[in-house]
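Take a look at the structure set out below.
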Amino acid sequence: MTRKLRILFSDPGKRVFETPTRVVLLGGAWEECLPDASRFMELPAEDALRFLAGWEKDGIALLAEKNAEGALEEIHAYRGPSTGCELFFSAGPRNGFVVSDSFREILETLPPSSRLPSREGFIDFLLFQNSPLSETPVASVRRLGHGNLLQSGRDGSATERPFVRLSAGISEGTFQEGVERVEEALSKALGLLPAGTVNLLSGGVDSTLVQTLLGLGTPAVAATIDSPEFAFETENARQSARLCGIPLKERFNEEKDYPCLLNKETSLAAIPLPLPQVALIATAFCMDSQVFASGFEADSLFSLPRSKRRLVLEGENPLAFPAQSFSLSAEAGLVKSFFTEEEIVARVECRQAYVRFRVSEPENLSGLQQGCLTSLFCSSFSVYRHL
């Protein structure tokens, strides 16, 4: 069987390296100064991607080998071990095989008969804020795992396997030293943002911390709405902007328009939106910027969910929190009305196995550390990349 291989790459900031027999595409964040292309364009495909992985910060890579006519003969796709960027793949119609960083674009290559919903993907959508697992809402579309390598050829073969893993190590020190290390990591992450970045300021602790670290030179925007349920968030955003000494640009929305807004953004993403705020916040993207920072970057490193923060204040040891309890839906009754207890438990176990498998020494991770890593992988921020 011979397949037609296709790559659909929508990242506007992608970096492209090409020769008559090979093309390499880098999406997301990579080191600004990469080595000369001659150092990896002549290497075997897997060696080239392993070499490039040393310069990956928050990114994905696609390497395709071409024949004399320019048609793709092989595709090698790599996803960084902690990146918020995603890669999807599908065996499309007429023996095609498609790889893309856009769920919408890959879905558009499939006929309606191939867009059947996935039961596992729907469970994940209800259970987790955003699922890192391979199953997507559409059964024929798969998601490449963090740190994995996908290889596909025109002979019909397609394999996914581990490629790069995070190192857990063993950390010791005081609580204050731990906070300082986390703050240093957050500062380094924010330092990767290019000039022209705009901060999505909600007024919460996380986005305010990000704004403080970014400084006065980074503008802020808040998506606001006349709904009384969100009035406190609007006032918090204004207060945070005043405290940070910066002007705040507001993108105002009316509640009566929200259903149309939700339909518009859902159609644009072609994937279910995990939170009602996603469609609202997306209205801020009409600003003249291609890069946005948000409180998700601080939240992934510093915060516990509100329910767990309350338990800590009541005296519970956070190290006792089970890893599987992080980033789980609070609407347990709703989920159980659709699926059996066995199905729900199986998906939670799959997710925890996924998280542990991203780390080369998972035995060195405490339950709290696994839970925080789970929250990072389940962050809904990656959904905004599709809008």
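Yes or no: segment 57-77 includes at least one residue that is assigned to a strand (DSSP E or B) and either aromatic (Phe, Trp, Tyr) or without any contact (Cβ under 8 Å) to a residue 12 or more places away in the chain (or both).
Of segment 57-77, the ones assigned to a strand (DSSP E or B) are 57-66, 72-77.
Then drop every residue that is not either aromatic (Phe, Trp, Tyr) or without any contact (Cβ under 8 Å) to a residue 12 or more places away in the chain (or both), which leaves none.
No, that holds for no residue.
Does GLU265 meet the test of being of a type in the set (D, E, K, R), assigned to a helix (DSSP H, G or I) and modelled with pLDDT of 85 or more? Let's see the steps before the verdict.
Details: of a type in the set (D, E, K, R): yes; assigned to a helix (DSSP H, G or I): yes; modelled with pLDDT of 85 or more: yes.
Taking the combined requirement at face value, the residue satisfies it.
Evaluate the following for GLY315: is it of a type outside the set (Phe, Trp, Tyr), in a loop (DSSP other than H, G, I, E, B) and farther than 30 Å from ALA195 by Cβ? Break it down stepwise before answering.
On the way: of a type outside the set (Phe, Trp, Tyr): yes; in a loop (DSSP other than H, G, I, E, B): yes; farther than 30 Å from ALA195 by Cβ: yes.
Taking the combined requirement at face value, the residue satisfies it.
Do we have any residue at all in segment 229-236 that's among the acidic types (Asp, Glu) and closer than 23 Å to VAL355 by Cβ? Break it down stepwise before answering.
We begin by selecting, within segment 229-236, every residue among the acidic types (Asp, Glu); these are 229, 233, 235.
When the remaining residues are screened for being closer than 23 Å to VAL355 by Cβ, the result is none.
No, that holds for no residue.
Between residues in segment 20-46 that are assigned by TED's automatic domain parsing to the domain that holds PRO81 and residues that are in a strand (DSSP E or B) and of a type in the set (Ser, Thr, Tyr), which pairs lie under 7 Å by C-beta distance while being six or more apart or on different chains?
MET41/THR19
Matching residues to (1) among the hydrophobic types (A, V, I, L, M, F, W, C); (2) assigned by TED's automatic domain parsing to the domain that holds PRO132; (3) under 22 Å from CYS372 (Cβ atoms); (4) under 26 Å from the mean Cα position of the chain (by Cα):
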residue: ALA320; (1), (2), (3), (4): yes, no, yes, no
residue: SER329; (1), (2), (3), (4): no, no, yes, yes
residue: GLY333; (1), (2), (3), (4): no, no, no, no
residue: LYS336; (1), (2), (3), (4): no, no, no, no
residue: GLU342; (1), (2), (3), (4): no, no, no, no
residue: ARG347; (1), (2), (3), (4): no, no, yes, yes
residue: VAL355; (1), (2), (3), (4): yes, no, yes, yes
residue: ARG358; (1), (2), (3), (4): no, no, yes, yes
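Being of a type in the set (Lys, Arg) and at pLDDT 95 or above is the filter; apply it to segment 47-91 and report the residue that is nearest to HIS386 (Cα to Cα).
Per the stated criteria, the residue is ARG79.
Has segment 116-133 got at least one residue that is farther than 24 Å from ALA332 by Cα and either assigned to a helix (DSSP H, G or I) or aliphatic (A, V, I, L, M) (or both)?
Looking only at segment 116-133, we keep the residues that are farther than 24 Å from ALA332 by Cα, and these are 116.
Add one more test, that the residue is either assigned to a helix (DSSP H, G or I) or aliphatic (A, V, I, L, M) (or both), and what stays is 116.
There is at least one residue in segment 116-133 that is farther than 24 Å from ALA332 by Cα and either assigned to a helix (DSSP H, G or I) or aliphatic (A, V, I, L, M) (or both).
Here are some conditions: (1) modelled with pLDDT of 85 or more; (2) outside any loop (DSSP other than H, G, I, E, B). LYS308 meets all but one. Which one does it not meet?
All conditions pass for LYS308, except number (1).
The values are calculated or read from the model by the stated rules, or taken from the named source; none is laboratory data. Because the structure is predicted, anything quoted here is derived from the model rather than measured. For neighbour counting, all protein chains shown are included, and Cβ atoms are generated from backbone atoms with ideal geometry for every residue, glycine included.
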